[in-house]
Amino acid sequence: MRKPNDIQLKSDKKLALHFESARRVSTDDFSRRSMFHLTATCPATRFGKVVSTVVCLFCLLFLTSCEEKMSPEEERARQEYSELMNKFRFPYILDKPTQVYKMPEVLREISGLGITKTGELGCIQDEQGVIFIYDTDQCEINRRIGYGKNADYEGVTFVGDDAFVLRTNGNIYRILAFDGGQPVRQKHKSLLNRKNNTKGITYEPGKNRVLAICKDGYATGDGNFIEQLAIFPYDIDSNTVADSVAYSLNIDQVKLYAELANPETYREVFPMFYRSNLASFPIYPSAIAVHPKTGDIYIASGAGGLLFVLNSEGILVHIERLREDAYLQIEGLTFRPNGTLLMASEGKDKPGELYEFEGIFD
């Protein structure tokens with residue numbers, strides 16, 4: 001879904017009223033319906049009409065007093081967020097890949113992508129402890145680099161001579177000089193575990209750290225479980241995984257984006273966020289990557305068919321829909337240094353696929 005780029009910003013008051021009317025039935029409409037109903041059912045006498053009018057006025061005052069109102073600060077923050085969203089320009093046309101590659105059988109269950117320092121494409125799949133270097137010119141794997149035993153691996157990224165691989169239980173493996181013939185593997189644990197269902201990893205060069213994303217939330221030090229998208233940092237200089245969240249995204253933030261981006265149809269476009277019986281946070285992240293030109297953080301939701309974009313400060317600025325008929329389930333995400341976007345889908349009953357998208361940058 002593309003948000004309109006030509007939304008004319010209204011004054012604080014008008015903007016708030018506009019979105020409030022899209023979010024709920026207005027008090028006035030509800031009150032008019034109530035007044036009609038009460039007048040129709042009251043006796044057709046002057047006394048009855050007086051009583052009806054008094055009762056209806058009481059209802060109107062009651063509903064008006066109970067109506068949720070935003071403070072000037074909230075209205076101003078809402079407008080500033082709307083302005084931020086509308087300044088963002090999504091640089092890719094996801095319906096039109098520049099190239100599509102059929103992946104070999106061993107990468108049918110592809111689960112992670114990354115670009116090495118030499119510009120090659122490194123891939124992993126979710127069963128074997130192997131990095132596959134895939135040549136997009138020859139459309140073939142040109143070498144395989146083993147780094148560990150078979151397990152459920154969910155993401156890979158490359159920093160200098162080293163590779164970082166994420167396992168679904170939250171462990172991060174740093175493979176020193178991974179392509180040097182004799183790679184050395186280091187394992188790093190954190191408060192993340194199998195319950196967090198970690199699903200993707202990427203390098204954030206501006207802060208010299210690796211980011212790991214959790215699918216199902218995270219546990220705090222006091223044992224509470226926070227159900228929201230959470231991204232944890234691995235600091236390369238200290239070689240440690242932090243116990244605090246670098247970026248996060250909750251359901252209210254997604255709903256606010258949906259309201260401001262497309263107030264007329266947001267419930268139809270994003271139905272998964274409005275179910276009354278939500279058992280879990282329905283973003284289902286499957287891959288993450290940092291844009292090399294802008295620092296924006298891209299998060300793919302394979303099961304949800306969505307692509308989220310956070311700016312470099314971690315604020316949600318865009319949601320793009322992934323066509324279900326075009327992309328089975330995106331599990332890998334990365335960028336070439338020039339900004340070209342690469343996404344990989346696992347194959348299920350057919351080969352996995354790699355999609356390449358050239359960006360349009362000002």
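Rounded to the nearest 0.05, what FRET efficiency do K255 and K350 have when you use their Cβ-Cβ distance and R0 = 30 Å?
Values: r = 35 Å, r/R0 = 1.18.
Efficiency for this residue pair is about 0.30.
What length, rounded to one decimal in nm, is gained on full extension from I141 through to R323, with 0.36 nm per residue of separation minus their alpha-carbon distance?
Stretched out fully, the I141 to R323 stretch lengthens by 62.7 nm.
Arrange the peptides 173-183, 125-135 so that the one whose residues have, on average, the most other Cβ atoms within 10 Å appears first.
Working: 173-183: 16.0, 125-135: 18.3.
Going from most to least packed, we get 125-135, 173-183.
Mind checking the full-extension length gain between D237 and E83? Use 0.36 nm per residue of separation minus the Cα-Cα distance, one decimal, nm. Walk me through the numbers on the way to the answer.
Numbers: separation 154, 0.36 × 154 = 55.44 nm, distance 3.66 nm.
Value of the extension gain: 51.8 nm.
How do T334, T294 line up, fewest other C-beta atoms within 10 Å first?
Values: T334 28, T294 17.
Ranked by crowding around the Cβ, least crowded first: T294, T334.
For labels at R336 and S244 in the simple 7 Å Cα→Cβ model, what's the distance in nm?
Each label point lies 7 Å from its Cα, and together they span 3.9 nm.
Gain in length, K207 to K195, computed as 0.36 nm per residue apart minus the alpha-carbon separation, to one decimal in nm?
1.6 nm
The stretch 195-263 to the stretch 101-125: how many Å between their Cα centroids?
So the two Cα centres are separated by 24 Å.
We did not get these values from a lab; they are worked out from the coordinates using the rules stated. The structure presented is a predicted model; accordingly, all values stated were derived computationally and were not measured. Note that each Cβ is placed from the backbone with ideal geometry, even for glycine, and that neighbours are counted across all protein chains shown.
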